[in-house]
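Below is one structure; the comments refer to it alone.
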Amino acid sequence: MTSPDDSSNDSSAPRGPDQETADQEAEYADRVYRSPGGIAGGALLLAIGAWLGIDAIIRGEGRTPWLALAGLLCAVPLVIAFTVRPAVYAGRDRLRVRNPFRTVTLPWGSVAAVRAGYSSEVLAGGAKYQMWAIPVSLRQRKRAARRQARAATEDPFRRTSVQAAADADEERRAQADRTIDELRGLAETHAAREGAQGEPEVRWAFEVIAPAVAGLVLLAVVLAIT
């Protein structure tokens, strides 16, 4: 979350309610949730693919350069779509879910539930949308459960303060579960806002689909004529 730079404002000047409301709006920025592991893996795959593909284009003979070019044109958008592109943006009025091939905009008033089972999901408008940017790790959940069990064994009589115990329990939970709880809280807080009403909107990511399909067609043509 970011906040504006207030160094240029005169703190001694009187401030009306409209100015305070504008300042509150300016201080709020969308919370962005992404998968660091997915981005790192995508960057590694892109680097390896670019190295092999460019080498094949420059040094290859016969149909090899064309196959490498078609393969890159098809594979690069798909790698970006599944690793770098996924993100979840939580604002004051809406939740924007950017998945590999489409972007879903959900006003908070239309969100019925946010949950994490084997995948992170949001229910809105009678439909279910997965959130690729918030992967659920069963290994993390098992590790968190072991930490909670160990903590309960070490402090069976709850000698620590209630707040400290609650904070410790929260830290021991899996990252996906903590993120889902945060999104659920935002949905409950902002659902009644006037600007948070409306129907879900879905936009297909043609900027990803078009080059991938073009690369696939080029690859099929090259294979057919050689």
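For region 173-225, with all protein chains in place and a probe radius of 1.4 Å, 62% of the accessible heavy-atom surface sits on carbon or sulfur. Between R193 and R102, the simple label model (points 7 Å from Cα in the Cβ direction) yields a spacing of 2.5 nm. The slack in the chain from E207 to E182, taken as 0.36 nm per residue of separation less the alpha-carbon distance, amounts to 5.9 nm. For region 26-80, the per residue solvent-accessible surface stands at 63 Å², with DNA, RNA and ligands left out and a 1.4 Å probe. Does region 61-145 come out rounded, prolate or oblate by the C-alpha gyration tensor, with a ≥ b ≥ c the root eigenvalues, rounded set by a/c under 1.5 and, if not, prolate when a/b is larger than b/c and oblate if not? Because a/c hits 1.5 or more and a/b fails to exceed b/c, region 61-145 counts as oblate.
The values are calculated or read from the model by the stated rules, or taken from the named source; none is laboratory data. This structure is a prediction, so every number in the text was calculated from the model and none was measured. Ideal geometry is used to build each Cβ from the backbone, glycine not excepted, and the neighbour counts take in all protein chains shown. With ligands, DNA and RNA removed, areas are computed over all heavy atoms of the protein, side chains included. Shrake-Rupley method; radii C 1.70, N 1.55, O 1.52, S 1.80 Å.
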